[in-house]
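Here, each number is a calculation from the coordinates, and none is a lab measurement. All values derive from a computational prediction rather than experimental measurement. Note: ideal-geometry Cβ built from the backbone for every residue, glycine included; neighbour counts use all protein chains shown.
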Amino acid sequence: MPGAPNSPPKPTEAPPPPVAIPPERKALRRLAPCRVALNLELWKGAPSPELVDPLVRAETAYANADWVNTEQALDQMSIRFAEPRWPTMPAPFRDLRVSIPAPMPPSWDPDHTAEPAEKDRRRLGRFAVLQLALAKATAAYAAKRGLPAEDLAAHATAAETALAATGPDAVFWDHIDAIWTAVRERFPMPTRAGARAVPPPPSAATDATA
């Protein structure tokens, strides 16, 4: 038939679905950087309970494998970080803040016209860049505080190489997660402002002379 195409158009191949992130790893990638953030020097060793309490709730939920409440507590903490009454954290930790934006037309979103899979890919890419920046800053801050940091720096370098070569793949995330696992073991939980220091238990010599 005149004007008819020689062959029907080939169907567009759908992009592969995004790889599901295990909930414990998803929570860890937010939980550990928040712990480092509340250990920064700007808090002078005692952040406000309004910041510490959500972290305590998140840590408790994480220990109980309660991923929903872990994420909810971290969301509350991230929103509090954005409040103007708190000191501004240095980069990249300031990007842990999540402010509540004013309503805006969907067309203002630069990803508005992208396909869902492409939106997810872009979102994951931005998150990976932030995670790498947080990991490198954490390694540097751990060394400054006198905490073991050589392995953290090595993982951060390996993660940076992997991200540049193949993007945020499994190798990249394995290095990032190794850093955050070590952070939860090495960085102490922050102390609430106004909390009393717990006195050390009496020594055996003191007990003997009492």
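Using R0 = 25 Å, the C-beta based FRET efficiency linking ASP151 and ARG25 works out to 0.85.
The alpha carbons of the stretch 116-187 stretch over 44, 19, 16 Å along the principal axes, in descending order. Other residues whose C-beta falls under 14 angstrom from the C-beta of LEU40 contribute a net charge of +4, scoring Lys and Arg +1 and Asp and Glu -1. Size check on the stretch 19-89: the Cα extents along the three principal axes, sorted descending, read 37, 23, 18 Å. Stretching LYS44 away from ASP95 to a fully extended chain increases their span by 16.3 nm, per 0.36 nm per residue minus the current alpha-carbon distance.
Amide H contacts of ARG97: none lie under 5 Å away among residues 5 or more positions distant or on a separate chain (H built 1.01 Å from N in the peptide plane; Pro and chain starts excluded).
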